[in-house]
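The values are calculated or read from the model by the stated rules, or taken from the named source; none is laboratory data. Quantities reported herein were computed from a predicted structural model and do not represent experimental measurements. A quick note on method: Cβ atoms are made from the backbone with ideal geometry, for glycine too, and the neighbour counts reach across all protein chains shown.
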Amino acid sequence: MKERPIRLLIVDDHTIVRQGLIALLEDEADIRVIGQAGTGQEALALVEARQPDLVLLDITLPDLNGLEVTRRIVRAWPGIRVLILTMHEEEAFFFEALRAGAAGYVLKGADSDELLYAIHAVCEGGVYLPPKLAASLVQDYLNRQPQPFLEEIPLTPREQTILRLIAQGLTNRQIAERLGLSLSTVKTHRQHLYEKLGLHRRSELVAYALRRGLIAPD
């Protein structure tokens with residue numbers, strides 16, 4: 001059965017930005033823009049009325065800022081994902097967005113492929129980080145790991161391949177397509193990796209892959 005498209009709400013105070021995003025996304029068969037808003041209050045009203053899967057949200061809005069809108073969405077509708085799309089490059093904004101409950105953060109200077117990747121990653125239950133920031137976070141995480149984390153855990157060749165692709169940032173669906181596997185099989189392998197390695201988050205899998213030389217740091 002064909003999966004239904006991602007139902008997306010665009011929130012930005014600039015009409016030309018919203019129109020540009022709609023033009024970019026209208027040719028994507030698995031994404032459907034179900035509405036647009038120019039203020040935080042309009043966004044909250046549309047979220048309640050239309051129940052999107054994902055809200056693509058700017059931080060700078062004329063009434064409520066995007067961080068407050070994110071907090072209200074996550075609190076009232078925990079199943080709806082929020083992806084911040086903003087011009088703010090400062091790490092402080094990124095961390096505040098995560099604390100507010102956003103599942104991802106994309107800069108407006110990113111190319112269309114990065115935005116599409118982030119949309120799919122977030123809607124599949126992942127978290128999207130800007131590549132430069134992700135690299136610094138992973139390195140910081142590695143620096144703080146206790147030595148027991150270095151214990152060697154034997155992995156099958158298939159598990160090593162899937163771990164490497166996860167660490168490279170591929171989604172479950174992309175891994176399935178690349179390896180010719182079903183989506184459920186990839187999800188099962190991923191869960192086995194978490195259980196075998198005693199890990200809980202993707203960042204920990206990335207750190208483990210780096211430690212084991214399965215991927216090279218940038």
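See the values below:
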item	result
Residue satisfying condition, being assigned to a loop (DSSP other than H, G, I, E, B), crowded, with 18+ Cβ neighbours inside 10 Å, in contact (Cβ under 8 Å) with a residue 12 or more places away in the chain and assigned by TED's automatic domain parsing to the domain that holds residue 119, within set 61, 46	61
Number of the exception - residue 168 against (1) more than 22 Å from the chain's Cα centre (by Cα); (2) of a type outside the set (Asp, Glu); (3) at pLDDT below 85	(1)
Residue pairs meeting the criteria (Cβ under 8 Å; at least 6 apart or on separate chains; first buried (at least 18 other Cβ atoms within 10 Å of the Cβ), in the stretch 187-212; second outside any loop (DSSP other than H, G, I, E, B) and acidic (Asp, Glu))	189/159; 193/159
Checking residue 47 against (1) over 21 Å from residue 129 (Cα atoms); (2) at pLDDT below 95; (3) among the β-branched types (Val, Ile, Thr), the condition it does not meet	(2)
Lone qualifier among 117, 105 - being in a strand (DSSP E or B) and among the aromatic types (Phe, Trp, Tyr)	105
Close pairs from the stretch 90-105: first assigned by TED's automatic domain parsing to the domain that holds residue 65 and under 12 Å from residue 130 (Cβ atoms), partner at pLDDT 85 or above and in a helix (DSSP H, G or I), Cβ under 6 Å, at least 6 apart	104/118; 104/122; 105/97
Among the candidates 17, 33, 82, residue that is assigned to a helix (DSSP H, G or I) and either aliphatic (A, V, I, L, M) or in the same structural domain as residue 121 (by TED's automatic domain parsing) (or both)	17
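Table: residues versus (1) in a loop (DSSP other than H, G, I, E, B); (2) modelled with pLDDT of 75 or more; (3) touching a Gly at 6+ places or on another chain (Cβ under 8 Å); (4) closer than 22 Å to residue 116 by Cα.
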site: 188; (1), (2), (3), (4): no, yes, no, no
site: 193; (1), (2), (3), (4): no, yes, no, no
site: 196; (1), (2), (3), (4): no, yes, no, no
site: 199; (1), (2), (3), (4): yes, yes, no, no
site: 205; (1), (2), (3), (4): no, yes, no, no
site: 213; (1), (2), (3), (4): yes, no, no, no
site: 218; (1), (2), (3), (4): yes, no, no, no
